[in-house]
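First up is the structure itself, then whatever we jot down about it.
The values are calculated or read from the model by the stated rules, or taken from the named source; none is laboratory data. Keep in mind the model is a prediction, meaning the values are calculated, not measured. Positions of Cβ are generated from backbone atoms using ideal geometry, with glycine treated the same way; all protein chains shown enter the neighbour counts.
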Amino acid sequence: MEMNWPQDAYTELTGEPSPHIIVTYSGRFSGYNANVRYTRRHMDFRLAKRWKDVDEDIQKGLLQHLMCRVLKLKEDTLHIRLYEEFLRQASEYAPQGESDPYLVERFLVLNKQYFAGMMTQPTLTWGRASTTKLGSYEYATDTVRLSTILKEDEDLLDYVLYHELLHKKHKFSCSNGRTHHHTPAFRADEKKFWLKDAEEKLHAFVRQKKQKKKSWWKW
């Protein structure tokens, strides 16, 4: 692959001459993650190694997507659309990793109750004991990761897990250069969870954990 394609991606997006652009592939990223560091004259893109085997037009879309974010643009290009569609479909082909048995148990309950048992199981893992990021769903690797603080409350764990599974179901939509994850259809499904005040209880639970941590540090 000729490495003038990143400059082409910039010029096609902005209509302006490209700054100096470097693209490297790193084993430090999981799945299809990537980031960019930039100044007016320089852009340094770091992509997960998996991107090496992806079509150049899709990689252009990834770079243009990141460029839109850092340059605060609302552009929609063919390459960006190709990238978005690739990302939406990536979870269907992602190899399943090792899952935590307890989370698999909770997934099976939720799958039967809310998805008629039809959802394929994603990789289910624990993250850190975070009070700011309780859960996440990574489309490219089909992975749900949950904060370990949720081990203390199974109902709230189910709620956060259900929320992340809805990301797997609904994926995302894009318009005007922005990605929308919590669509009206997503929110409608979220309200079907049996614990109607789950959001309020979750906020109270997190506040309690933060206060407890703050008190511990004061001591």
Query - Extreme residue, surrounded by the fewest Cβ atoms within 10 Å (Cβ to Cβ), among residues of region 87-102 that are touching a residue at least 12 places away in the same chain (Cβ under 8 Å), over 30 Å from D155 (Cβ atoms) and not charged (D, E, K, R) - result: A90
Report summary line: R46 vs (1) over 21 Å from the mean Cα position of the chain (by Cα); (2) modelled with pLDDT of 95 or more; (3) of a type outside the set (G, A, S): all pass except (1)
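Each row is one residue, and each column tells you yes or no for (1) surrounded by 12 or more Cβ atoms within 10 Å (Cβ to Cβ); (2) among the charged types (D, E, K, R).
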| position | (1), (2) |
| --- | --- |
| P17 | no, no |
| R41 | no, yes |
| K49 | yes, yes |
| E56 | yes, yes |
| L63 | yes, no |
Query raised in the report: All but one of (1) under 17 Å from G31 (Cα atoms); (2) of a type outside the set (D, E); (3) out of contact with any strand residue (DSSP E or B) (no Cβ under 9 Å at 6 or more places or on another chain); (4) assigned by TED's automatic domain parsing to the domain that holds K209 hold for Y83; which doesn't?
Result: (4)
Requested in this report: For region 2-15, state whether one or more residues are more than 30 Å from P95 (Cα to Cα), modelled with pLDDT of 90 or more and touching a strand residue (DSSP E or B) at 6+ places or on another chain (Cβ under 6 Å).
Outcome: yes
Query raised in the report: How do the pairs read when you match residues in region 29-47 that are free of Cβ contacts under 8 Å to residues at least 12 places away in the same chain and in a strand (DSSP E or B) with residues anywhere that are of a type in the set (A, V, I, L, M) and surrounded by 14 or more Cβ atoms within 10 Å (Cβ to Cβ), using Cβ under 7 Å and keeping only pairs 6 or more apart or on different chains?
Result: none
Query raised in the report: Residues in region 123-172 that are within 20 Å of H203 (Cα to Cα), touching a residue at least 60 places away in the same chain (Cβ under 8 Å) and in contact with a Leu (Cβ under 8 Å, 6 or more places away or on another chain): how many?
Result: 2
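Pick out the one residue from E84, E75 that is touching a Cys at 6+ places or on another chain (Cβ under 8 Å), touching a residue at least 12 places away in the same chain (Cβ under 8 Å) and surrounded by 17 or more Cβ atoms within 10 Å (Cβ to Cβ).
Only one candidate qualifies: E84.
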